[in-house]
Amino acid sequence: MQPSEMDKKVKGYRRLIPSMTALLEFEAVARLASFTLAAQELGVTQAAVSKQIRLLEDTLGTKLFHRLHRAIKLTREGYILHSVVAESIHRMASVFDKISEGIGEQEITLACTGAFSNMRILPRLLALRTLQPELKLRLITPSLSPGAYRDDVDLAIRFGNGKWEDGSSIFLFDEEVFPVCSPAWLAAHPAPTSLDEFPETALIDSDSTLEGWMTWNSWCRELGDARPKLNYSLRCSAYNDAILAALQGYGIALGWGRLVTHLINAGELVRITPYTVKPKDAYYMVVPTGREPDPITHALIDWLRDDNF
């Protein structure tokens, strides 16, 4: 009887990876930078941990740690191995959590900025339930660089040029940035009618981000007006807070059209002045490397693109 292809693969893995125990103990030692702490975490003796690391080094034919006088440090080969082992263990742990918690395959983990989550996704969730009643969505908003999303992310929404090394990009929509305020603020204050009037107006600003978020200064520069100083009534680190302040009538904020359209349609914000900037970058759905767009991905894209919800 011929061995199955799966049998061949398993035997191949056993030949290449003779001890999962050794890999688990190696990951703990590398993460904690200590044989003693790793042994305590794993509930084994330090001698047992040292034995597993020696087994791993003998199998690979190279040293994984520099043994210093009072410390250990990963070698180049150790660093390479640890990056792969740590990622694999994290992904396995995520799968175990999903299975043990009874979460089915229909859950999609979607990463995006807090602003996009709060202003584009959450107001439209009921429409998504109508379109995909079986879909379970998990939203995460990492405070990391655009290319540093966690490895358990199924899909990510990013603003940029669409060129990222960790996945393939599908164009969602472009963007337009313009001043907005509340009807109450507009009733109590004259709206600026030219760029010259903006420096004397109560402006609400938010910090720029790694994804190219625009501030009032950069917005004015795009329109050819490089003012050295603007009059800010409030500066926020998060765009969400800037929009909330505008809703409360505190001043004028920059409205990112794809995020504030529902507030304008509801009459909660008013678009003022004809001035607008259309960034060169756009929003993209990013499918991580190693995964392929499936029908759920395309359904989410269609839902995100539709401005009628």
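Answer yes or no as to whether Ala191 is loosely packed, with under 15 Cβ neighbours inside 10 Å and part of a helix (DSSP H, G or I). Against the criterion (loosely packed, with under 15 Cβ neighbours inside 10 Å and part of a helix (DSSP H, G or I)), Ala191 does not qualify.
May I ask you to say which residue of Leu122, Leu155 is surrounded by fewer than 12 Cβ atoms within 10 Å (Cβ to Cβ) and modelled with pLDDT of 90 or more?
Values: Leu155 fails: surrounded by fewer than 12 Cβ atoms within 10 Å (Cβ to Cβ).
Just a single option satisfies the conditions, and that option is Leu122.
When Leu244 is tested against (1) surrounded by fewer than 18 Cβ atoms within 10 Å (Cβ to Cβ); (2) touching a Lys or Arg at 6+ places or on another chain (Cβ under 8 Å), only condition (2) is not met. Taking the range 160-187 as the range and being assigned to a helix (DSSP H, G or I) and either within 27 Å of Ser237 (Cβ to Cβ) or of a type in the set (Asp, Glu) (or both) as the test, the residues that pass are Pro183, Ala184, Trp185, Leu186.
Return a yes/no flag: does the range 222-243 have any residue that is farther than 30 Å from Leu131 by Cβ, in contact (Cβ under 8 Å) with a residue 24 or more places away in the chain, in contact with a strand residue (DSSP E or B) (Cβ under 8 Å, 6 or more places away or on another chain) and outside the structural domain of Ala187 (by TED's automatic domain parsing). Among the residues of the range 222-243, not one is farther than 30 Å from Leu131 by Cβ, in contact (Cβ under 8 Å) with a residue 24 or more places away in the chain, in contact with a strand residue (DSSP E or B) (Cβ under 8 Å, 6 or more places away or on another chain) and outside the structural domain of Ala187 (by TED's automatic domain parsing), which makes the answer no. Applying the set (1) surrounded by 16 or more Cβ atoms within 10 Å (Cβ to Cβ); (2) among the hydroxyl-bearing types (Ser, Thr, Tyr); (3) more than 30 Å from Lys136 (Cβ to Cβ); (4) within 21 Å of the chain's Cα centre (by Cα) to Tyr284 leaves exactly one unmet item: (3).
Inspect the range 187-198 for any residue being under 15 Å from Trp256 (Cα atoms) and within 34 Å of the chain's Cα centre (by Cα) and give the result as yes or no. There is no residue in the range 187-198 that is under 15 Å from Trp256 (Cα atoms) and within 34 Å of the chain's Cα centre (by Cα). Looking across Glu57, Glu87, one residue alone is at pLDDT 90 or above, assigned by TED's automatic domain parsing to the domain that holds Ala39, assigned to a helix (DSSP H, G or I) and surrounded by 11 or more Cβ atoms within 10 Å (Cβ to Cβ). It is Glu57. Scanning the range 247-281 for residues that are among the acidic types (Asp, Glu) and either buried (at least 22 other Cβ atoms within 10 Å of the Cβ) or under 25 Å from Pro199 (Cα atoms) (or both) gives a single hit, Glu268.
Report whether or not Met1 is part of a helix (DSSP H, G or I) and at pLDDT below 90. No; evaluated as a whole, the condition is false for this residue.
The values are calculated or read from the model by the stated rules, or taken from the named source; none is laboratory data. Owing to the predicted nature of the structure, the values given are computational and were not obtained by experimental measurement. For neighbour counting, all protein chains shown are included, and Cβ atoms are generated from backbone atoms with ideal geometry for every residue, glycine included.
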